[in-house]
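Asks: Next up is a structure, given as structure tokens.
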Amino acid sequence: MIRFVLLISFCLLCSFKTSNKNIDLDYIRNNYKKSVSEKKTCEIMIKALEQSKLNNVQLAYLGALQTIWANHTINPLTKLSTFKKGKTNIDKAIKNENNN
């Protein structure tokens, strides 16, 4: 079952890589909670978002996922830099659309 989920996730990632469309917000919301406990899901979503054209809401989700990714890494320097990158993306999204 885990292999099936990983295969589906990989296929979704590949489809995102080949298209310039925005990632569906429902997809992000449905997998966001999973990314806290599942390292692979978090990694797949970050890569997909980084390769897409993002609106401010998606940029905020990318930042949030990057801060979550800091929990999945072991190296303290990587944790700090990943967390700062995520915080910067969240701050940028808020600055761009502070009424949302």
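Asks: Do me a favour and compute the ellipsoid semi-axes for region 50-100 from its Cα gyration tensor, root of five times each eigenvalue, largest one first, whole Å.
Replies: Sorted largest first and rounded, they come to 22, 11, 7 Å.
Asks: Taking the Cα centre of region 51-100 as the origin, how large is its charge dipole in debye, to the nearest 20, when only Lys and Arg (+1) and Asp and Glu (-1) carry charge on their Cβ atoms?
Replies: Charge dipole of region 51-100: 140 debye, to the nearest 20.
Asks: Tell me the accessible surface of Glu38 in square angstrom (1.4 angstrom probe, heavy atoms of protein chains only), to the nearest ten.
Replies: Rounded to the nearest 10, that gives 80 Å².
Asks: Rounded, prolate or oblate: which fits region 17-85, taking a ≥ b ≥ c as square roots of the Cα gyration tensor eigenvalues, rounded meaning a/c under 1.5, else prolate when a/b beats b/c?
Replies: Prolate.
Asks: If the cut-off is a Cα-Cα distance under 16 Å, which aspartates and glutamates reach Lys47, setting aside same-chain residues fewer than 8 apart in sequence?
Replies: Cα-Cα hits under 16 Å: Asp24, Glu38.
Asks: With the other protein chains left in place, how much accessible area per residue, in square angstrom, belongs to region 27-100 at a 1.4 angstrom probe?
Replies: 63 Å²
The values are calculated or read from the model by the stated rules, or taken from the named source; none is laboratory data. As the structure is a prediction and not an experimental result, all values here were calculated from the model. Positions of Cβ are generated from backbone atoms using ideal geometry, with glycine treated the same way; all protein chains shown enter the neighbour counts. Ligands, DNA and RNA are excluded from the accessible area calculation, which covers all protein heavy atoms including side chains. Shrake-Rupley method; radii C 1.70, N 1.55, O 1.52, S 1.80 Å.
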